Amino acid sequence: TNNHYSIKGFDLAKAHKKDNIVKKELPEQKDNTEELEKTDALDDFLFQATNYVYKKRKLFITLAVAIALIVVSGYGISWYIEYQENIRTEKLYRIEAIVQNNGINNDEKFEQALPMINVFLDDYAGSKQAEIALFYRSSLNYHQKQYDKAGSDLREVLTVLEKPSDFHVIASVYLSNILRDQGKVDEAVTVLNAAKSDIMTDLIMLELAETYISSDQKDAAKQTLNAIVMDYPNSLYANRAKQLLAGL
């Protein structure tokens, strides 16, 4: 009997324990059911999305191709612009090498560089390098005493250059020198006054003083030279101004 009770007790305890295990497992089954439901919903969504993409595949492919073309064409345009810029710069360097070659005379420079400049201006009119090419052509014509052509090129340069800028001042000074050499003092003074700004003012004032001296306007020259010495004592042109003052 004791053995039977023990066995029976053992069976009851075992059954009781098993029942507790089953009860504990029930919530886990519920959680698993919820997870399965979520998984099914996700699978259904992915299926629907895949099906939509498949149906609209032509549209998506077209959009992808369009975006790729935009990116590639943008890069291509940028590369082409840079490539053309490099070509213009290289050709301009060749012209510059002739114009600034001290080993040949002005006539040789004119013969060699002028045809290259004319072709350059025909091919690249309106470019930034064209402004420099015009400046070089003006210099070539000036040394050939073709003042009208030289002045015309410089006036064209001045119409497109930003003001104020160093290049604008230099082009104005060169034009004033051409006009002064022709005896057109008033025009030279007008050009220099128009170039006045916060940039290279001391240089413009020195050119004005020399223009006044060339036309025997001593008072105006003295006033301008004194202003350089007083207002720009550390200028590169201060010593030149003092020398001109001493000679008046």
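The values are calculated or read from the model by the stated rules, or taken from the named source; none is laboratory data. None of these values were measured; they are calculated from a predicted model. All Cβ positions, glycine included, derive from the backbone under ideal geometry; neighbour counts span all protein chains shown. The protein model used for the area step is the full one, side chains on, heavy atoms only, and it has no ligands, DNA or RNA in it. Shrake-Rupley method; radii C 1.70, N 1.55, O 1.52, S 1.80 Å.
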Q: Can you bin the range 95-186 into rounded, prolate or oblate? Criterion: square roots of the alpha carbon gyration tensor eigenvalues sorted a ≥ b ≥ c, rounded for a/c under 1.5, prolate for a/b above b/c, oblate for the rest.
A: oblate
**Q.** Separation of the ALA220 and ASP122 label points, Cα + 7 Å toward Cβ, nm
**A.** 4.3
Q.
I need the phi-derived Karplus couplings for the range 122-128: 6.51 cos²θ - 1.76 cosθ + 1.60, θ = phi - 60°, integer Hz, Gly and Pro marked x.
A. 5, 7, 10, 4, x, 7, 5
Q: State whether the range 200-248 is rounded, prolate or oblate according to the following rule on the C-alpha gyration tensor (a ≥ b ≥ c being the square roots of its eigenvalues): a/c under 1.5 gives rounded; otherwise a/b larger than b/c gives prolate, and the remaining case gives oblate.
A: prolate
Q | Spin-label pair LYS196/ASN105, simplified geometry with 7 Å Cα→Cβ offset, distance in nm | A | 4.2
Q) Given a 1.4 Å probe, how much area per residue of the range 161-248 is accessible, in Å²? A) 54
Q) Ignoring any ligand, DNA or RNA, what whole percent of the accessible area of the range 130-238 comes from carbon and sulfur when the probe is 1.4 angstrom? A) 49
(Q) Tell me which GluC sites (Glu not before Pro) from the range 152-248 have a DSSP coil assignment and no more than 13 other beta carbons within 10 Å of their own. (A) GLU162
Q: Return, for the Cα atoms of the range 127-170, the radius of gyration and Dmax in Å, separated by a comma.
A: 10.2, 30
